[in-house]
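First the structure, in the form of structure tokens, and then the observations on it.
The values are calculated or read from the model by the stated rules, or taken from the named source; none is laboratory data. Note that this is a predicted model, so its numbers are computed, not measured.
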Amino acid sequence: MMRVTVSRSHRVACYCLVAVLVLTMAGSVRNGHGRGGRENDGNGEVRRGKQIMERPCEEIYVVGEGETLNSISDKCGDPFIVERNPHIHDPDDVFPGLLIKIHINLPTQ
């Protein structure tokens, strides 16, 4: 029978990998059951409450989940978002975490 020797650094690396996998799986299970604070309205649409609308408009804007360029444009008063952001090739291809530059022009009350 052949005996395989594994160095201590390899063992530590394997334990670290297992720990990362366990933490990743635990986080995905928690997020799947908690629904992230969102509610289903019965029609299949997800409501997030006032969370999106309460975010302030800043010159560098981070797109949130469920936001579109139209909703950001209406909220911040900037109809020229696509023109100011040459990295947006398709206005329909906007995703959470995308950074965009906007010119804030909020209506006065």
Can VAL46 be described as modelled with pLDDT of 90 or more and of a type in the set (A, V, I, L, M, F, W, C)? no
Take the conditions on the phi < 0 side of the Ramachandran plot, at pLDDT 85 or above and not polar (S, T, N, Q) and apply them to HIS33. Does it pass? no
